[in-house]
Amino acid sequence: MTENSEAIFDTLENAWSRKDIDALVALFTPDCIYEDMALNARHEGHAGIRDFAEAVFATMPDFTLTFPVRLVMPERGSSHWVISAHWNGPFEGIDRTGHPILFTGLSSYRFRDGRILHNIDCWDYTVMIRAFGVLPKSLAALATA
C-alpha cells in the first residue's frame, strides 16, 4: 500500500495543477471527508470534493500545487505543500484580481483501498491577509481598539 499511497501524491499533485476535477475526485473514496482547518470548512463525498475544487479554481485560475515533502505509511500519510497562483476576484470584500499569492501548509491523510478517505489541510490564513494587505471585517474592530 505504501507504493500506491506514494503514487496518490503524484496523481494528486498533477490533478490539482492540471485543474482536472474528474481525476481529483477519483482519488477520493465516495464517503471521503476533506477538511480545511484555516477556513473551518468540511467537504463530504465526491460532490463535496468537486464543489471545493471548483471554488478553488474560480478564485485561483492558474493554481499550481507541489508536495516538496511527503511521508507515506500503509494507511496514513502527510505532506508539506506549496500553492502558487494569481487571485481572481474579491478577498475579504476587496478586489485582488491578478494579485500573486504563495502559501504553504501541511496535510494529513487516511487511505482506504488505494484512495483518500480523509484529508485535513492546515495552513495559516494570516499569510493571505498579509499578502493581500487586507484585514478581515471580523478583525477590523481589533485594529482600532
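The values are calculated or read from the model by the stated rules, or taken from the named source; none is laboratory data. Since this is a predicted model, take the numbers as computed values, not measurements. Glycine gets a Cβ as well: all are built from the backbone with ideal geometry, and neighbour counts include every protein chain shown.
Tabulated data for the structure shown
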item	result
Search result, residues across region 108-128 that are surrounded by 15 or more Cβ atoms within 10 Å (Cβ to Cβ) and small (Gly, Ala, Ser)	Ser108
Qualifying residue in region 23-37 (condition: buried (at least 18 other Cβ atoms within 10 Å of the Cβ), on the phi < 0 side of the Ramachandran plot and assigned to a helix (DSSP H, G or I))	yes
Of all residues in region 64-81 being hydrophobic (A, V, I, L, M, F, W, C) and surrounded by fewer than 15 Cβ atoms within 10 Å (Cβ to Cβ), the one that is farthest from the chain's Cα centre (by Cα)	Met73
Test: Phe103 is modelled with pLDDT under 95 and under 18 Å from Asp10 (Cα atoms)	no
Ile101 vs. criteria among the β-branched types (Val, Ile, Thr), closer than 16 Å to Phe132 by Cβ and in contact with a strand residue (DSSP E or B) (Cβ under 8 Å, 6 or more places away or on another chain)	yes
Residue among Ala131, Ala58 that alone is under 30 Å from Ala7 (Cα atoms) and aliphatic (A, V, I, L, M)	Ala58
Failed condition for Ala15, given (1) surrounded by fewer than 16 Cβ atoms within 10 Å (Cβ to Cβ); (2) within 21 Å of Ile101 (Cα to Cα); (3) touching a helix residue (DSSP H, G or I) at 6+ places or on another chain (Cβ under 8 Å); (4) modelled with pLDDT of 95 or more	(1)
Ile49 being surrounded by 19 or more Cβ atoms within 10 Å (Cβ to Cβ), more than 14 Å from the chain's Cα centre (by Cα) and part of a helix (DSSP H, G or I)	no
Pairs where the first residue, in region 73-99, is over 30 Å from Ile8 (Cβ atoms) and touching a residue at least 12 places away in the same chain (Cβ under 8 Å) and the second is in a loop (DSSP other than H, G, I, E, B) and of a type in the set (D, E, K, R), C-beta under 9 Å, 6+ apart	Gly89/Arg96
